[in-house]
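The values are calculated or read from the model by the stated rules, or taken from the named source; none is laboratory data. Every value quoted in this text rests on a predicted model; they were computed, and no experiment measured them. Cβ: placed from backbone, ideal geometry, glycine included. Neighbour counts: every protein chain shown.
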Amino acid sequence: MLENNIFENKKLLAIIDSPINALMLSQVLESNFELHIIYVFDPKRKNVTEYMETMKLILSGIPIASERLIEIDSDKFWEGRVKESVDHGFLVDLKKANIDSFTIIGNYKNNPVAKILFEMTEMIFLYHSANELQEIADDKLSFKLKTFIKRILNGKLKLAALFKKQIIISPIRIQFPSLKTIHVDLVKAQYGIQFDRKLPEKGDFVHIMLLITGDEPVHPGDANPSNFLKYLEAHVRSVQLVLRSENLKAQIRVFVKEHKSYLPLTKEERGALTKDLREIGCEVIFVNDILPKTLRVIPGEMLLSFLKIDILTGEASAFLLNCAGSSVSCYISVTQFSSFRTKEEEGRTQAFLHINQMLTKPANVI
């Protein structure tokens, strides 16, 4: 649970824009908090019904005083037109609200509702991806002054707050001098997920989860084309390197985890991957085949204990860093994918690797 002394009061307002945010929130709150939630989604980029069903499951054990769904235009947000990207009714309501009576939790990097609130008051940062932590730690004093002066002019903040450490709720085990990190272990999260079919007995099998990647997404939402066959060999090679690194001689079962950013693998793509993994001695299960359709966007971290995963591998991602240092052995596959990446994309990979080096227990790099 969260350290009680980081809250000014027990009345919380959480801005949730993804299942991973909902999962972290579910792990840190006690029942004596008065929780109010604003869900933020772009209906052009996300299946709002599907996401809401998943988040309701994740938060089902927490009493919620009020909930509100705000639809946004993510294109306008990323163009810098922050206030234009949210419903005008929200801005009107915000002027009437007593924001100072709440402790605010959210991610001002990823959605306009949290960004607008962050410019008004202090906010406990709710992690979404590891690169955000480096960005926050690297924020220049001029950026901090600009934001905090806005608050001072609005009569919302004393100047001394400028020098407070930013509080971060994060699943990765890391410490920045300028940040106060509250760590949550997502791998240990327990929920009553019902699978669509009976899982095979683990027996003597070693379970590997393989994270699927592809072309750089063309937009920040879901269902981007992956061009997966171009990356087929890189995925299979990643598994081979894990087997060699772990010196595995046991039976191997690979759980293939597709990412919601991409379109589902086609029958041809699945067949090619299954064939190649079987040729190196692996049994193959596609995670989407055993999950209920309404839970396809559930955070992968929630599945690790249910599937009894021993090893996690894939291209550099927040998922791998979230699980580094847990009971699951994590392998970041770099060289297998580097030839496919542009200079900008490779820069993001290097940013992940930089964060990885700062972890108390880094993931393995292959």
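One table, with the values for the structure above:
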| read-out | value |
| --- | --- |
| Failed condition for residue 296, given (1) among the charged types (D, E, K, R); (2) at pLDDT 90 or above; (3) over 17 Å from residue 214 (Cα atoms); (4) under 16 Å from the mean Cα position of the chain (by Cα) | (2) |
| Lone qualifier among 247, 288, 227 - being among the polar types (S, T, N, Q), in the same structural domain as residue 330 (by TED's automatic domain parsing), touching an Asp or Glu at 6+ places or on another chain (Cβ under 8 Å) and on the phi > 0 side of the Ramachandran plot | 227 |
| Of all residues making up segment 317-340, the number that are touching a residue at least 40 places away in the same chain (Cβ under 8 Å) and assigned to a loop (DSSP other than H, G, I, E, B) | 7 |
| Tally, over segment 72-108, of residues that are among the small types (Gly, Ala, Ser) and not in a helix (DSSP H, G or I) | 3 |
| Elements of type strands (runs of 3 or more DSSP E) contained in segment 153-229, each with 1 or more residues being among the hydroxyl-bearing types (Ser, Thr, Tyr) and modelled with pLDDT of 80 or more | 166-170 |
| Test result for residue 289, outside any loop (DSSP other than H, G, I, E, B), under 30 Å from residue 53 (Cα atoms) and out of contact with any Lys or Arg (no Cβ under 6 Å at 6 or more places or on another chain) | yes |
| Single residue of 277, 312, 265 found to be assigned to a loop (DSSP other than H, G, I, E, B) and surrounded by 20 or more Cβ atoms within 10 Å (Cβ to Cβ) | 265 |
| Within segment 37-68, considering residues that are assigned to a loop (DSSP other than H, G, I, E, B) and in contact (Cβ under 8 Å) with a residue 40 or more places away in the chain, the one farthest from the chain's Cα centre (by Cα) | 44 |
